[in-house]
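Heads up, the thing below is written out as C-alpha cells.
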Amino acid sequence: MSAYFPNGTIFAIGTAYAATKTISAVSNANPGVATSTAHGYTDADILLLAGMPSAKLDGRVVRVSGSATNSFNLEGINTTSTTLFPTGFGVGTASKVTSFVSLSQITDVQSSGGEQQFYQWVYLEDGRQRQRPTFKNARALQLTLDWDPTLSWHQSLLDADAAQTPYALRATLPNSTVLYYGVYVGFDGEPAMTINENIKTVASFSLASPHTRY
C-alpha cells in the first residue's frame, strides 16, 4: 500500500515539436508497435499523436521504446483488443516534443470532470428504476499560478492558447512517476487581484485523451 502527497510535483508544457512523421499502422499488441518509415526516433523520445481514428490514441502523449528503423513501440499502451482497436485504428501522425517549459509558482491544482453519467428508465410492470452507464464528463486540470508575465511560461501558455491544438503537458511527481497529458490550453494571462494576497492567474487544461503514466 502506498500514499502520496502531490507536494513537489513539477508541471511543464511542451513548447517545441519536430516535424510530424506518418504512422501507417499500429499492431494489436502489448505494447502496440507503430509502423513509421525512417521515423528517426530513439528510445525515451516523447511523442504527441494526432489524426488517429482511435479516440484512445488521438491526442495522446506516449514514450518511444523498442525503436527500429521503420517501427517503434508505444510504451505502456496496450492495443491488444481488436474490439477497442479494430483494423485501421493506427493510422495518423506523431510529433516529437523537443522542448518543455516548466510552470512555476503554482499555488493550487484542481481536477474536474470524469463523473460517470447514466441513462435511467423504469419498466411499467415492476416500477423499479434501472440505470446503465453512458459517458463520463470531460476532464480538465486547472492550475493557479502567482502572476508574473516576465517568466517564460507566461508567453508559452499564451501561444498554446492561441494555437487551439493539442499540446503535451507533463507532471513529474516527487516519487519520479511521470504523467503525460494531451491537452488544449486555455490561458489569457489576466491577473486576478485580492487584497493582501499575491496577484494570481489561472491556466486551464482540457484533456484531449487519457493520461499516460511512466
Task: Of the criteria (1) over 21 Å from T165 (Cβ atoms); (2) part of a strand (DSSP E or B); (3) out of contact with any Pro (no Cβ under 9 Å at 6 or more places or on another chain); (4) hydroxyl-bearing (S, T, Y), which one T83 fails - done: (2)
Task: Conditions (1) hydroxyl-bearing (S, T, Y); (2) under 23 Å from K56 (Cβ atoms); (3) modelled with pLDDT under 95; number of the one not met by Y214 - done: (3)
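Checking the conditions here, which among T93, T83 is open to solvent by 70 Å² or more (accessible area, probe 1.4 Å) and more than 30 Å from P149 (Cβ to Cβ)?
Details: T93 fails: open to solvent by 70 Å² or more (accessible area, probe 1.4 Å).
It is T83.
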TODO: Collect the residues in segment 59-75 that are open to solvent by 10 Å² or more (accessible area, probe 1.4 Å), touching a residue at least 12 places away in the same chain (Cβ under 8 Å) and over 18 Å from A208 (Cβ atoms), keeping them in residue-number order.
DONE: S65, G66, S67, T69, N70, S71, N73, E75
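Being modelled with pLDDT under 95 and either open to solvent by less than 80 Å² (accessible area, probe 1.4 Å) or under 14 Å from the mean Cα position of the chain (by Cα) (or both), is that true of even one residue in segment 153-162? Lay out the reasoning, then the answer.
Filtering segment 153-162 down to residues modelled with pLDDT under 95 leaves none.
So far as segment 153-162 goes, no, none of its residues is modelled with pLDDT under 95 and either open to solvent by less than 80 Å² (accessible area, probe 1.4 Å) or under 14 Å from the mean Cα position of the chain (by Cα) (or both).
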- [ ] Tell me which residues, restricted to segment 21-57, are within 27 Å of F205 (Cα to Cα), at pLDDT below 95 and open to solvent by 50 Å² or more (accessible area, probe 1.4 Å).
- [x] G51, P53, A55, K56
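The values are calculated or read from the model by the stated rules, or taken from the named source; none is laboratory data. What you are looking at is a predicted structure, and each value in this text was computed from that prediction instead of being measured. Cβ: placed from backbone, ideal geometry, glycine included. Neighbour counts: every protein chain shown. Keep in mind that these areas ignore ligands, DNA and RNA; they rest on the heavy atoms of the full protein, side chains included. Shrake-Rupley method; radii C 1.70, N 1.55, O 1.52, S 1.80 Å.
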